[in-house]
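First comes the structure, then the notes that go with it.
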Amino acid sequence: MQLDRLMAKTMTRLVKTGLSVKRRPAEPAPAGAEAPALRGSGSWANDWPGARSAVERAKSLARPGRSRKSAKSTAPDTIPEGTIRQHPLMSTRDVKLHNWIADRLEAEAPWCTLHAGVALKGFLTSDLTRPGYDPLAGMVADLAIVDSHGHVASVLLRENTADPAHHLLLLDALMDADIPIVDIQPRPSLSALWAEISATLPEA
């Protein structure tokens, strides 16, 4: 890579000075020589000096005490270490249900994908948004089926018995956006559940 960079710098210098360079035909590789390993675009990008300088520049901008043009810039180390923990995205039973639906989709509607814990703000927008208020804030769909164009075809919800008022707002938002809703019963009949899901599936 050091040789490649040196060659690039040399070519740039020659172009700036107006000298012409004639290319020689590529010489065949010697017998027994191994071809260089293929590399993904990401690995080349990481070797690019500009990438390293961009990282260093970001680090320097994030150093404490450096003046900022905007007071709204995110301050570094605002989250105390050890205060963020992981919790399950789904219960064990929900994982089994998710996998069962995903298998049925793969067999009967492979152009659709299944997603868990999807924030409504990821696929809905509201005209009521104003400073200090967002009607979609904190609203999450248990499961969402997405078509091949990236649009949500339907949403699967469990009843939120802990906060019925929030659940009603969630239903209201989805109905206002004309998103089909499939209700997940506490002890769902898989055949009945799939019948409801299949009725919402888009064509390929």
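Residues are listed down the side, and each one gets a yes or a no for (1) in contact (Cβ under 8 Å) with a residue 40 or more places away in the chain; (2) part of a strand (DSSP E or B); (3) surrounded by 11 or more Cβ atoms within 10 Å (Cβ to Cβ):
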{"position": "R93", "(1), (2), (3)": "no, no, no"}
{"position": "H115", "(1), (2), (3)": "no, yes, yes"}
{"position": "P135", "(1), (2), (3)": "no, no, yes"}
{"position": "S191", "(1), (2), (3)": "no, no, no"}
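Taking the criterion of being closer than 18 Å to G122 by Cβ, open to solvent by less than 30 Å² (accessible area, probe 1.4 Å) and more than 20 Å from the chain's Cα centre (by Cα), the residues of segment 140-177 that qualify are L156, L157, L170, A173, L174.
The values are calculated or read from the model by the stated rules, or taken from the named source; none is laboratory data. Quick caveat: nothing in here was measured; it's all calculated off a predicted structure. Here the Cβ is made from the backbone with ideal geometry for all residues, glycine too, and neighbour counts use every protein chain on show. Please note that ligands, DNA and RNA were not included when accessible areas were found on the heavy atoms of the full protein model with its side chains. Shrake-Rupley method; radii C 1.70, N 1.55, O 1.52, S 1.80 Å.
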